[in-house]
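The values are calculated or read from the model by the stated rules, or taken from the named source; none is laboratory data. Keep in mind that this is a model prediction, so the values were computed, not measured. Here the Cβ is made from the backbone with ideal geometry for all residues, glycine too, and neighbour counts use every protein chain on show. Just the protein is used for accessible areas: all its heavy atoms, side chains included, with ligands, DNA and RNA removed. Shrake-Rupley method; radii C 1.70, N 1.55, O 1.52, S 1.80 Å.
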Amino acid sequence: MTLRFEPFSIDVPQSALDDLHERLERTRFPEQLPDADWDYGTELEYLRRLLAYWRDDYDWRATEARVNGFHQFTTEIDGARIHFLHVRSPEPDALPIVITHGWPGSIVEFLNVIGPLSNPRAFGGDAADAFHVVVPSLPGYGFSGPTRERGWHPMRVARAWAQLMAGLGYSRYTAQGGDWGSFVTLQVAAADPAHCAGVHVNFLPSIPSTDDHTDEEREFLADAARYNNDDSGYFKEQSTKPQTIGYALEDSPAGLAAWVVEKFRTWTDRNGDVEDHFTKDQLLDNLMLYWLTGTAHSSARMYYEFVHGLMDGSIDLTASVGSHRLTDVGVPVPVGYARYPNEIMRTSRRWAAAQYSNIVHFVDMPRGGHFAAFEVPDLFVDDVRAWGRHVR
């Protein structure tokens, strides 16, 4: 199948920004218990300050211009519009890589890593580490949305990414991702092992493969239990009734900010200040990709499609892919894993090895959480370069 690529540039009408400012001005805030902090959810006074900055000081046009500084395109794959950034390296031997975000992230997570990955010499690096970088918006997210039909789960996205990379002329490529992007990335390798030369992820859940647990593994299981007990309400809502929460998210910028920013805090440093890790501008850049495109509801649907696909059998994680079975040898290409200390779930070396038989790169990172490329782009770039040397 031949794909048609249309050049794309973001050009948000001023009326959309005026409408946003009016809605922010009219925000009706709920009360908060006098002794509550972030334990009940997004803290009231922090949200007031963030929304005031969004209304009075935030400059969308600067972000719009920055994103438009990258080559962007749209295409149609499997009935869905796909928006992506495509930055070819000046180095002739660069290795193609498709990088996938998750929820509640977007392509803006990667704006600070595209340059160093695609043109390392311009950033003090080695030309031999160069990548041709492709950064798509997930179907239903940002300018790839909203989706118009059921069934856009990570496995379907992976097949679309294989078509995208083939359409771009890349007969040998790699993939990277975190959050949903991790699921998509691993499935790209399973769906297209003839062309995907290796994968790198910065998120792997804790899936025990042993009855006895080390102290480290017990810590990981405790983290997973805390996530399930204290932090997974969004997952239940979005995997059961995404349309219901969608009305609030699409109508209220305050509601969208509260729903999303809480995750940026909790999944980076649950006991700290979110702005120790991200600026207000970064947080709002990401929110704007949801708000301006009206895709908060359709992005949430990926949870529904994944969970219901598992329940009805349309997604089978134990299915064979060629001669490979996903439950015993994992994916049929070399795998890299960066374990960030503040990630919401982590796994051990032996648990990872039980899932993926060809792990060539397993690294403990000194700092960082769930949104690694956004929070610690320097560490992210160095690690992806190091992993890439295993698969070039």
Identify, among Val260, Phe235, Leu283, the residue whose Cα sits farthest towards the positive end of the charge dipole of the stretch 215-285, taking +1 on the Cβ of Lys and Arg and -1 on the Cβ of Asp and Glu, with the dipole about the Cα centre.
-> Phe235
Over the chain, one equal point on each Cα, no solvent: what is log10 I(q)/I(0) by the Debye formula at q = 0.06, 0.10, 0.13 Å⁻¹?
-> -0.22, -0.64, -1.13
Quantify, in whole percent, the carbon and sulfur part of the accessible surface of the chain (1.4 Å probe; protein heavy atoms only).
-> 48
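Can you pull out the GluC sites (Glu not before Pro) in the stretch 3-62 whose DSSP state is coil and whose Cβ has at most 12 other Cβ atoms within 10 Å?
On the way: sites: Glu22, Glu25, Glu31, Glu43, Glu45; in loops: Glu31, Glu43.
Counting only loop positions with at most 12 other Cβ atoms within 10 Å, the GluC sites (Glu not before Pro) in the stretch 3-62 are Glu31.
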Length-normalised contact order for the chain - Cα pairs under 8 Å, 6+ apart - percent | 19
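Are there trypsin sites (Lys or Arg not before Pro) in the stretch 95-161 that DSSP marks as loop and that have at most 15 other Cβ atoms within 10 Å, and which are they?
Numbers: sites: Arg121, Arg148, Arg150, Arg156, Arg159; in loops: Arg148, Arg150.
Counting only loop positions with at most 15 other Cβ atoms within 10 Å, the trypsin sites (Lys or Arg not before Pro) in the stretch 95-161 are Arg148, Arg150.
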Electrostatic dipole magnitude of the stretch 233-392 [Cβ: Lys, Arg +1; Asp, Glu -1; Cα centre; debye, to 20] = 640
Assign unit charges at the C-beta atoms only (+1 for Lys and Arg, -1 for Asp and Glu), then state the dipole size of the chain relative to its Cα centre in Debye, rounded to the nearest 20.
-> 1320
Kirkwood hydrodynamic radius of the stretch 182-251, Cα pairs, Å | 15.5
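How large is the accessible surface per residue of the stretch 82-232, computed with a 1.4 Å probe and reported in Å² as a whole number?
Details: 5070 Å² over 151 residues.
Solvent-accessible surface per residue comes out at 34 Å².
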How large is ³J(HN,Hα), in whole Hz, for each residue of the stretch 115-126 in order, when computed from phi with the Karplus curve 6.51 cos²θ - 1.76 cosθ + 1.60 and θ = phi - 60°, using x for Gly and Pro?
-> x, x, 6, 7, 9, x, 4, 6, 10, x, x, 9
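Over the stretch 134-275, what is the relative contact order in percent, taking alpha-carbon pairs closer than 8 angstrom and at least six residues apart? Intermediate values should be presented prior to the final figure.
On the way: 99 pairs, mean separation 18.2, N = 142.
Relative contact order, the stretch 134-275: 13 percent.
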Residues with amide H under 5 Å of Gly125's amide H, sequence separation 5 or more or different chain, H placed in the peptide plane at 1.01 Å from N; which?
-> none
Considering only Val188, Val307, Val108, give the residue with the highest GNM mean-square fluctuation for the chain, with springs between Cα atoms whenever their separation is below 10 Å.
-> Val307
HN-Hα couplings for the stretch 336-350 via Karplus (6.51, -1.76, 1.60; θ = phi - 60°), in whole Hz with x for Gly/Pro, come out as x, 9, 9, 9, 8, x, 9, 5, 5, 9, 9, 10, 8, 4, 6
Among the lysines, select those whose C-alpha is under 29 Å from the C-alpha of Lys280, and discard any that sit fewer than 8 residues away in the same chain.
-> Lys236, Lys263
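Tell me the net charge near Glu305. Cut-off is 10 Å between Cβ atoms, Glu305 excluded, with +1 for each Lys or Arg and -1 for each Asp or Glu. The partial results should precede the final answer.
Numbers: positive: Arg150, Arg156, Arg301; negative: none.
Computed value for this residue: +3.
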